[in-house]
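Colleague: This structure is in structure tokens; I'll ask about it shortly.
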Amino acid sequence: MISALLFDLDNTLYSEATGLENGVSQRINHFIADFFRLSIPEAIRFRREHAKAYGTTLEWLMRDYGFQEPEKYFRTIHPEDEADCLNPDMVLKLMLNKIPIPKAVLTNAPMEHAIRILDKLGIMECFSGIYDIWFNNLIGKPNSDSYINVLEAAGFDREQTLFIDDLPKYVKGYVDIGGPAVLKDEMDRFADLPFRRLKTIYELDKVLDEFNSSYM
Ligand SMILES: [Mg+2]
């Protein structure tokens with residue numbers, strides 16, 4: 001039986017159609033362009049080539065370039081008005097509240113971003129814990145310790161905690177430590193990958209039934 005749920009935040013608990021995460025990505029590209037004195041297209045290419053070996057762009061900057069200002073980086077990519085495009089999601093709140101097992105959030109973003117998003121969506125109280133990138137000492141998903149430390153802090157059992165994320169490499173990271181996971185694939189980009197997928201978060205209760213019946 002699935003006894004707990006662990007959620008990614010961005011593009012998982014809200015639709016990528018909001019453009020929110022796209023805005024974050026654009027600000028990261030601007031940051032990289034400034035940092036390396038590149039044009040935006042050059043920065044996009046440079047980041048794509050080099051950051052993919054790391055969990056996050058910040059991790060890449062810190063490890064390869066000795067970057068030491070994570071707070072400045074987060075302030076730049078997560079301005080206070082970043083979540084203005086989100087509205088309260090009562091459908092999601094109802095669905096989460098109907099699923100009678102504990103839920104937590106694991107994000108590679110900082111806490112102020114997580115709180116902003118969950119507050120805007122009106123679902124903050126649906127979660128017993130929010131674990132941000134600082135909790136994981138800035139080494140987040142897909143590092144195995146990031147999942148293991150969060151499961152332990154939340155008191156969740158690895159084999160019975162379903163993890164939901166929109167990025168294949170983070171889903172793979174959880175599967176690799178032996179946990180059940182689902183990929184949120186809103187645009188059907190990853191049909192060739194060996195993960196159970198869902199298109200919207202509103203399918204979660206159905207997916208949960210499937211996981212639970214497979215245990216019987
Ligand atoms: Mg995400």
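Colleague: Given the structure, is Val150 under 13 Å from Leu106 (Cα atoms), within 16 Å of the chain's Cα centre (by Cα), free of Cβ contacts under 8 Å to residues at least 40 places away in the same chain and within 16 Å of the ligand (Cβ to nearest atom)?
Modeller: It is false that Val150 is under 13 Å from Leu106 (Cα atoms), within 16 Å of the chain's Cα centre (by Cα), free of Cβ contacts under 8 Å to residues at least 40 places away in the same chain and within 16 Å of the ligand (Cβ to nearest atom).
Colleague: Also, I was wondering about something else. Just to be sure I understand the filter: pairs with C-beta atoms under 6 Å, separated by 6 or more residues or on different chains, first member in region 114-126 and under 19 Å from Phe74 (Cα atoms), second member assigned to a helix (DSSP H, G or I). Which pairs pass?
Modeller: Listed by first residue and then by second, the contacts come to Leu118/Met124.
Colleague: Give me the pairs: first residue in region 83-94 and touching a residue at least 40 places away in the same chain (Cβ under 8 Å), second residue of a type in the set (Lys, Arg), beta-carbon distance under 6 Å, and six or more apart or on different chains, which are they?
Modeller: Short answer, once both residue conditions are applied: Ala83/Arg116; Ala83/Lys120; Leu86/Lys120.
Colleague: If I go through region 2-51 residue by residue, how many of them are away from the ligand (no atom under 15 Å from the Cβ) and at positive phi?
Modeller: 1
Colleague: Residues of region 165-178 being β-branched (Val, Ile, Thr) and crowded, with 24+ Cβ neighbours inside 10 Å, which ones?
Modeller: Listed by number, the list holds a single entry, Val171.
Colleague: Right, another one. What about Ala114, is it among the small types (Gly, Ala, Ser), assigned to a helix (DSSP H, G or I) and surrounded by 21 or more Cβ atoms within 10 Å (Cβ to Cβ)?
Modeller: In short, yes.
Colleague: Within the bounds of region 165-177, is there any residue that is among the charged types (D, E, K, R), within 16 Å of the ligand (Cβ to nearest atom), more than 17 Å from Leu9 (Cβ to Cβ) and modelled with pLDDT of 95 or more?
Modeller: yes
The values are calculated or read from the model by the stated rules, or taken from the named source; none is laboratory data. These numbers come from a predicted model, not from an experiment. Virtual Cβ from ideal backbone geometry, glycine too; neighbours counted across all protein chains shown.
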